[in-house]
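A quick write-up on the structure given underneath.
The values are calculated or read from the model by the stated rules, or taken from the named source; none is laboratory data. Just so you know, these numbers come straight off a predicted model, no measurement behind them. Virtual Cβ from ideal backbone geometry, glycine too; neighbours counted across all protein chains shown.
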Amino acid sequence: MNRVQTRLESLFTDKSKKRFIPFITVGDPSLEVTFQLVLKLVEAGADVIELGVPYSDPLADGPVIQRASKRALSQGVQLPDALLLGQRLREAGVSIPLLIFTYVNPVIQYGIERFFADINKFDLDGAIIPDLPFEENERARGIAAQHGTDLIQLVAPTSQERLALIGKESGGFLYCVSSLGVTGVRQEIPVEVRELVEQARANSSAPIGVGFGISTPEQVKEVAKYADAVIVGSAIVQEVEKYTEELINETTRNSALENVKKFVRTLTDAIQ
Amino acid sequence: MSQVYNSEQLSKPVNGRFGEFGGRFVPETLMNALFRLESSFEEAIQDESFQRELKELLTFYAGRPTPFYYAERLSEYLGGAHIYLKREDLNHTGAHKLNNALAQGLLAKRMGKQSIIAETGAGQHGVASATVAARLGLSCKVFMGEEDIRRQELNVFRMKLLGAEVIPVSSGSATLKDATNEAIRYWVSHVEDTYYVIGSVVGPHPYPYMVREFQKIIGEETREQSIAQLGKLPDELIACVGGGSNAIGFFHPFVNDDIKITGVEAAGKGVHTDKHAATLTLGRPGVIHGSMTYLLQDEYGQVQEAHSVSAGLDYPGVGPEHSYLKDSGRVEYTSVTDVEALEACQLLTRLEGILPALESSHALAEVIKRAKKYTKETTIAVCLSGRGDKDVHTLQEYFGNQEDSQ
């Protein structure tokens with residue numbers, strides 16, 4: 001098959017480099033601030049960005065991202081806004097891979113076909129849908145591929161024999177959930193995650209990203225020893241939450257954005 | 001998206017689906033647990049010792065079979081069809097919920113789990129789960145919305161008396177939907193040693209199918225009792241539908257018979273307002289709590305809050321098998337308002353000396369509307385899913401002012 005290499009494929013070509021993937025909730029505290037936050041994340045050294053679509057019932061998320069979702073929903077931010085934000089970021093010159101992180105119901109209501117067509121149309125790179133597990137995502141996988149985009153597959157410590165099944169099908173990278181439970185800052189990342197990553201490697205040719213619970217430079221450094229990419233969500237969203245007022249207020253926004261960037265920089269510095 | 005009714009689709013879901021409804025829309029972390037649960041369940045129901053133990057508990061502990069009772073004065077008063085009540089209110093702990101909780105409790109033990117968790121709205125399933133945990137020697141955590149904790153103070157204390165821990169949920173609207181979210185989140189973190197007892201025919205496969213199998217005893221008994229007492233099947237079945245477990249349990253053994261079946265949803269303050277829980281009447285298909293089913297949602301797929309005077313019907317989703325029964329046309333779904341249910345509750349209490357739960361009162365309100373249109377040759381069987389002791393406070397608030405003027 002003759003096709004252009006995707007951004008994610010190019011990114012992971014050089015296996016010696018470890019990649020940093022931050023997550024933020026679109027619309028927290030406003031769409032405009034999210035736009036500027038993404039620019040700062042890029043400056044801070046992000047390699048890929050997950051744009052989280054706020055949802056009323058975020059089953060896989062802990063309290064930090066639940067609160068961010070609520071703030072974004074109170075701004076009226078929805079799935080189409082996340083897609084349009086992606087388009088705007090491209091127009092502003094952001095060239096790294098951008099992924100839409102969303103629960104499945106907004107995608108179903110938008111139309112699965114239309115969703116991946118728009119991801120392609122707006123020059124985004126793919127989607128992560130945490131409540132659309134392997135057995136339910138065959139159709140979405142096919143549609144994503146037709147549009148030259150990736151549906152990122154997730155594996156968890158409980159996946160066991162499912163690793164082989166899922167590992168074969170992951171486009172972009174394989175997302176390893178570090179530990180049982182929902183998203184959120186954890187004191188410790190279980191040592192077993194290393195084993196999970198090794199098993200995943202044995203079952204998949206895709207690069208491996210590890211997420212859930214990673215929040216400190218030390219944890220980033222540790223996980224980067226065996227993973228190709230480290231994903232950090234709640235710790236950054238918590239930082240955004242800390243500066244909510246300052247980010248909303250235009251006179252204090254820039255310094256707040258710089259503060260978030262500084263925090264993210266401590267994580268990206270830890271990765272290499 | 002109407003589907004052709006196919007009874008095969010109902011005996012057992014195919015790939016976890018009833019037609020296009022159902023499925024397993026959950027985080028990957030839970031998938032293995034769902035497959036394990038499914039195979040343990042299939043093994044258990046084939047195992048005579050499991051069936052025997054369950055039967056003993058249902059007979060000597062729960063008090064089954066529950067009566068199929070002729071509501072003579074109500075029938076006379078309405079002046080049409082003969083009305084029979086399937087008395088699930090006489091089940092131990094006061095509702096049909098125990099049938100399922102007992103069976104899942106036994107399954108949890110069989111799977112070697114020492115801890116169970118449950119979600120609850122009105123508290124009936126929480127009480128049933130706490131009861132089963134006490135009886136089987138398991139530890140029990142019940143997730144309950146703060147709003148419901150306030151509305152159902154007595155049931156909260158009852159669960160604590162039974163030794164369960166009640167975990168308040170403040171996220172979202174702090175009601176059943178959010179309690180279920182939180183129970184699922186907890187389960188994701190403790191999936192290896194915890195069994196999640198879902199209280200209705202909702203959630204990811206195999207729950208809707210499994211809970212139906214544990215509740216179908218309601219309909220099986222009704223069938224036998226109707227034949228024994230009347231020499232025939234009822235002409236129509238009516239039950240209330242929130243998540244819909246009493247209704248599915250009642251309907252299932254009759255879906256291939258030539259009788260009319262009606263499910264009644266909560267219209268709250270009216271289907272023309274935004275305060276209702278009429279999911280099948282006004283929702284559209286979407287995903288909630290791991291299942292594709294009719295759902296109250298906005299145009300973007302955000303789940304909307306439901307409203308009903310009865311906490312047990314206050315749910316924006318519905319069991320996926322009901323969605324299939326609706327689209328295939330096998331079951332008719334309708335709705336009654338808070339006020340109609342409250343009036344029906346009072347009427348049954350006055351005429352029969354039976355105080356029904358406000359959930360069950362929705363089914364009664366539909367019977368009241370219909371019975372007089374029918375001839376005396378017609379028999380309607382109603383699932384009286386629970387008793388109304390827990391609702392006395394709500395009834396007092398509603399009827400309190402009227403008492404003085406009567």
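Residue by residue through the range B:307-322, note down the ones that are part of a loop (DSSP other than H, G, I, E, B), in contact with a helix residue (DSSP H, G or I) (Cβ under 7 Å, 6 or more places away or on another chain) and not aromatic (Phe, Trp, Tyr).
The answer is B:Ser308, B:Val309, B:Ser310, B:Asp314, B:Pro316, B:Gly317, B:Val318, B:Gly319.
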* To do: Count, please, the residues in the range B:33-58 that happen to be without any contact (Cβ under 8 Å) to a residue 60 or more places away in the chain and either within 14 Å of chain A (Cβ to nearest Cβ) or not in a helix (DSSP H, G or I) (or both).
  => 3
* Exactly one of (1) without any contact (Cβ under 8 Å) to a residue 60 or more places away in the chain; (2) crowded, with 21+ Cβ neighbours inside 10 Å is unmet by B:Gly63. Its number? -> (2)
* Could you tell me which residue of the range B:267-301 is farthest from B:Lys326 (Cα to Cα), considering only residues that are in a loop (DSSP other than H, G, I, E, B) and within 14 Å of chain A (Cβ to nearest Cβ)? => B:Tyr300
* To do: Of the conditions (1) away from chain A (no Cβ under 12 Å); (2) in contact (Cβ under 8 Å) with a residue 40 or more places away in the chain; (3) in a helix (DSSP H, G or I); (4) basic (Lys, Arg), B:Lys232 clears all except one; give me its number.
  => (3)
* Structure fact -> Counted residues in the range B:180-222 being among the aliphatic types (A, V, I, L, M) and within 12 Å of chain A (Cβ to nearest Cβ) come to 4
* Asked: If you scan the range B:302-333, which residues turn out to be β-branched (Val, Ile, Thr) and either touching a strand residue (DSSP E or B) at 6+ places or on another chain (Cβ under 6 Å) or within 14 Å of chain A (Cβ to nearest Cβ) (or both)?
  -> B:Val303, B:Val318, B:Val331
* Pairs where the first residue, in the range B:158-179, is over 22 Å from B:Val202 (Cβ atoms) and the second is buried (at least 20 other Cβ atoms within 10 Å of the Cβ) and polar (S, T, N, Q), C-beta under 6 Å, 6+ apart -> B:Leu162/B:Thr131
* Structure fact -> When (1) over 25 Å from A:Val26 (Cα atoms); (2) assigned to a helix (DSSP H, G or I); (3) of a type outside the set (D, E, K, R) are applied to A:Val220, the one that fails is (1)
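The rows are residues; the columns are (1) within 20 Å of B:Arg284 (Cα to Cα); (2) acidic (Asp, Glu); (3) away from chain B (no Cβ under 13 Å); (4) touching a residue at least 12 places away in the same chain (Cβ under 8 Å).
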site	(1), (2), (3), (4)
A:Tyr110	yes, no, no, yes
A:Phe115	yes, no, no, yes
A:Asn120	no, no, yes, yes
A:Asp125	no, yes, yes, yes
A:Ile129	no, no, no, yes
A:Pro133	no, no, no, yes
* **Exclusive hit being modelled with pLDDT under 95 and either farther than 25 Å from B:Asp391 by Cα or among the polar types (S, T, N, Q) (or both), set B:Glu213, B:Glu192, B:Glu220** => B:Glu192
* Pair list, Cβ under 7 Å, 6 or more apart: the range A:89-107 residue in contact (Cβ under 8 Å) with a residue 60 or more places away in the chain and within 14 Å of another protein chain (Cβ to nearest Cβ), other residue surrounded by 22 or more Cβ atoms within 10 Å (Cβ to Cβ) and of a type in the set (Gly, Ala, Ser) -> A:Phe101/A:Gly52
* Keeping to the range B:16-70, report how many residues are in contact with a helix residue (DSSP H, G or I) (Cβ under 7 Å, 6 or more places away or on another chain) and of a type in the set (Ser, Thr, Tyr). => 4
* Can you name the condition, by its number, that B:Glu147 falls short on among (1) in contact with a Ser or Thr (Cβ under 7 Å, 6 or more places away or on another chain); (2) surrounded by 24 or more Cβ atoms within 10 Å (Cβ to Cβ); (3) farther than 25 Å from B:Glu321 by Cβ? -> (2)
* When you go through (1) assigned to a helix (DSSP H, G or I); (2) among the small types (Gly, Ala, Ser); (3) at positive phi one by one for A:Gly172, which number turns out not to apply? -> (1)
* Asked: Which number in (1) under 24 Å from A:Val220 (Cβ atoms); (2) at pLDDT 95 or above; (3) of a type in the set (S, T, N, Q) marks the one condition that A:Ser170 misses?
  -> (2)
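Residue by residue, here is whether (1) among the basic types (Lys, Arg); (2) in a helix (DSSP H, G or I); (3) free of Cβ contacts under 8 Å to residues at least 40 places away in the same chain; (4) surrounded by 24 or more Cβ atoms within 10 Å (Cβ to Cβ) holds:
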site: B:Arg330; (1), (2), (3), (4): yes, no, no, no
site: B:Ser335; (1), (2), (3), (4): no, no, no, yes
site: B:Glu343; (1), (2), (3), (4): no, yes, yes, no
site: B:Leu351; (1), (2), (3), (4): no, yes, no, no
site: B:Arg370; (1), (2), (3), (4): yes, yes, no, no
site: B:Tyr374; (1), (2), (3), (4): no, no, no, no
site: B:Val382; (1), (2), (3), (4): no, no, no, yes
* To do: Please list, ordered by first then second residue, the pairs with beta carbon atoms under 6 Å, 6 or more apart or interchain, first in the range A:152-163 and closer than 14 Å to A:Arg194 by Cα and facing another protein chain (nearest Cβ under 7 Å), second in a strand (DSSP E or B) and modelled with pLDDT of 95 or more.
  => A:Val155/A:Cys176; A:Ala156/A:Val177
